[in-house]
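The values are calculated or read from the model by the stated rules, or taken from the named source; none is laboratory data. Bear in mind the structure is a predicted one, so any value in this text is a computation, not a measurement. Please note: Cβ atoms are built from the backbone with ideal geometry, for glycine as well, and neighbour counts cover all protein chains shown.
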Amino acid sequence: MCIAAPAQIIEIDEEENSAVVDFGGVRQKVKLDLVEDVTEGRYVLVHSGYAIEVLSDQAARESLEAWDELLKVLEEENLD
């Protein structure tokens, strides 16, 4: 199973066609070869080091909420 995670674009390097993105405090460099019209502050779905989709504001909120719920469930399971 493959999972893409939402991340916010912090900084774009046009020369390398890459960006630094933030996954809730964890920053990573990703390639932008598969997306267009990205700007700092927008959210993208990231899979295997590539931004694969630019998210609308609503889709970003919904995706982040789903990830928060998943993390809560996993934390609860680890506490049991």
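Worth a mention:
- Filtering region 48-74 to residues that are of a type in the set (S, T, Y) and either more than 16 Å from the chain's Cα centre (by Cα) or loosely packed, with under 13 Cβ neighbours inside 10 Å (or both) leaves S48, S56.
- Single match in S18, S63 (criterion: modelled with pLDDT under 95 and either in contact with a helix residue (DSSP H, G or I) (Cβ under 6 Å, 6 or more places away or on another chain) or of a type in the set (S, T, N, Q) (or both)): S63
- Sole exception among (1) surrounded by fewer than 11 Cβ atoms within 10 Å (Cβ to Cβ); (2) in a loop (DSSP other than H, G, I, E, B) for E77, by number: (2)
- Test: residue in region 20-43 that is outside any helix (DSSP H, G or I), among the charged types (D, E, K, R) and surrounded by 17 or more Cβ atoms within 10 Å (Cβ to Cβ): yes
- Cβ-Cβ under 7 Å pairs, at least 6 apart or on other chains, region 42-57 side under 12 Å from L32 (Cα atoms), far side acidic (D, E) and modelled with pLDDT of 95 or more: V44/E53; L45/E53; Y50/D33
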